[in-house]
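**Q** One structure follows; several queries about it will come next.
The values are calculated or read from the model by the stated rules, or taken from the named source; none is laboratory data. It should be emphasised that the depicted structure is a prediction, and the values quoted were computed from it without experimental measurement. Note that we place each Cβ from the backbone using ideal geometry, even for glycine, and neighbour counts take in every protein chain shown. In case anyone asks, the SASA skips ligands and DNA or RNA and just uses the protein heavy atoms, side chains included. Shrake-Rupley method; radii C 1.70, N 1.55, O 1.52, S 1.80 Å.
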Amino acid sequence: SQTIHQWPATLVQPVGSPLSLECTVEGTSNPNLYWYRQAAGRGLQLLFYSVGIGQISSEVPQNLSASRPQDRQFILSSKKLLLSDSGFYLCAWSGLGQGASEQYFGPGTRLTVT
Amino acid sequence: AQSVTQLDSQVPVFEEAPVELRCNYSSSVSVYLFWYVQYPNQGLQLLLKYLSGSTLVKGINGFEAEFNKSQTSFHLRKPSVHISDTAEYFCAVSSGGSNYKLTFGKGTLLTVNP
């Protein structure tokens, strides 16, 4: 069966510091991968998605970047964090074909920028 | 472009009462529809999905939803709720395509009181 991992679970970082959040998927090959941010009362905002190694699409211009160095690894980064980067970050994966719409989510990372 | 409206941000109910969480969508093409549940500080879990076929779909935990194309709705129902159903519920829509991105509503917080 497929599983998705995210780490760290929680993170407190000062403004201006760098960020690296990691997501890995097990039990599937060539998944679509997604990064979302969830701010209180604002639902889920799609940040990036990837359909393959090195292929990244950005949905919203911002202070963050994403990379996919391996088939089942997706990394969210920032060089300098802003207060507005605080939130709950969720990674998700989906398969191919009709089932590609069905996304499976990781446990999330709670980021607090101070 | 597609969008999702969840008409109620909060729904309080008593235990063993029925509940309906409303979701309306807009899309210019055929859609796939989903309901996800999120417990505090956790990722999203898929409750049920409509891809094609029968308009009444059943999911986990006794939930069901009905796809109504003429009213562009996909309301979630449960005939008798439990305390453990307290969570945030998200409706999502996808129109397929090459990347199968999901568009989420802003969520409905269901609170089940004893």
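**Q** Would you work out which of A:86, A:66, A:107 lies farthest towards the positive end of the dipole of chain A? Charges go on Cβ: Lys and Arg +1, Asp and Glu -1.
**A** Result: A:86, furthest along the dipole toward the positive end.
**Q** Oh, and also: If a/c stays under 1.5 just call it rounded; otherwise compare a/b with b/c (prolate if a/b is bigger, oblate if not). Do that for the stretch B:28-103, with a ≥ b ≥ c from the square roots of the Cα gyration tensor eigenvalues.
**A** In terms of gyration-tensor shape, oblate.
**Q** Next question, about the same structure. Taking a probe of 1.4 Å, how large is the accessible area per residue of the stretch A:41-108, in Å²?
**A** 44 Å²
**Q** Also, I was wondering about something else. Using C-alpha positions alone, give me the convex hull volume of chain A per residue in cubic angstrom.
**A** Hull volume normalised by residue count: 97 Å³.
**Q** Which of the GluC sites (Glu not before Pro) found in the stretch A:1-77 are loop residues per DSSP with 14 or fewer other Cβ atoms within 10 Å of their Cβ?
**A** A:59
**Q** Further, regarding this structure: With the cut-off at 24 Å, tell me which of the pairs A:79/B:101; B:69/B:106; B:58/B:106; A:79/B:106 have Cα atoms farther apart than that.
**A** Where the Cα-Cα span goes over 24 Å, the pairs concerned are A:79/B:101; A:79/B:106.
**Q** Something else about it: What part of the accessible area of the stretch A:33-93, given as a whole %, is carbon or sulfur when the probe is 1.4 angstrom?
**A** Carbon and sulfur: 51 percent of the exposed surface of the stretch A:33-93.
**Q** Sort A:86, A:78, B:54 from largest to smallest accessible area, using a 1.4 Å probe on the heavy atoms of the protein chains.
**A** These residues rank, largest area first, as B:54, A:86, A:78.
**Q** In addition: In the neighborhood of residue A:74, defined by Cβ-to-Cβ distances under 11 Å, what is the net charge if each Lys or Arg adds +1 and each Asp or Glu adds -1?
**A** For residues surrounding residue A:74, the net value is 0.
**Q** Oh, and also: For residue B:42, what is the net charge nearby, where nearby means another residue's Cβ is under 12 Å from its Cβ and Lys, Arg count +1, Asp, Glu -1?
**A** 0
**Q** Could you compute how much accessible surface residue B:14 exposes when probed at 1.4 Å, giving the result in Å² to the nearest 10?
**A** Residue B:14 has an accessible surface of roughly 140 Å² with all protein chains in place.
**Q** Does the stretch A:2-46 classify as rounded, prolate or oblate by the C-alpha gyration tensor (a ≥ b ≥ c root eigenvalues; a/c under 1.5 gives rounded; else a/b over b/c gives prolate, otherwise oblate)?
**A** oblate
**Q** Using a 1.4 Å probe over the heavy atoms of the protein chains, calculate the carbon and sulfur portion of the accessible area of the stretch B:47-114 as a whole percent.
**A** Percent of accessible area from carbon and sulfur atoms in the stretch B:47-114: 51.
**Q** Follow-up question, since we're still on this one. Work out the length of the dipole vector of the protein assembly as shown about its Cα centre, built from +1 on the beta-carbon of each Lys and Arg and -1 on the beta-carbon of each Asp and Glu, and round it to the nearest 20 debye.
**A** 480 debye
**Q** Specify which residue in the list B:100, B:67, B:39 is farthest towards the positive end of the charge dipole of chain B, using unit charges on the beta carbon of Lys, Arg (+1) and Asp, Glu (-1), about the Cα centre.
**A** So the residue we want is B:100.
**Q** Please report Rg (one decimal) and Dmax (integer) in Å for the Cα set of the stretch A:20-60.
**A** My reading of the Cα-based Rg and Dmax gives 11.8, 34 Å.
**Q** So, one more: Which order do you get for A:93, B:35 if you rank them by accessible area with a 1.4 Å probe, largest at the top?
**A** A:93, B:35
**Q** Under a Cβ-Cβ cut-off of 11 Å, what is the net charge of the residues other than residue B:59 that fall near it, where Lys and Arg count +1 and Asp and Glu count -1?
**A** For residues surrounding residue B:59, the net value is +3.
**Q** Is there a quick way to get the dipole size of the stretch A:38-96? I mean about its Cα centre, with the Cβ of Lys and Arg at +1 and of Asp and Glu at -1; what is the value in debye to the nearest 20?
**A** Dipole size: approximately 100 debye.
**Q** Provide Rg over Rh for the protein assembly as shown; use the alpha carbon set for both Rg and the Kirkwood Rh (inverse mean inverse pair distance).
**A** With Rh from the inverse mean 1/r over Cα pairs, Rg/Rh is 0.97.
**Q** To the nearest 100 Å², how much accessible surface do chains A and B hide from each other in total, with a 1.4 Å probe?
**A** 1800 Å²
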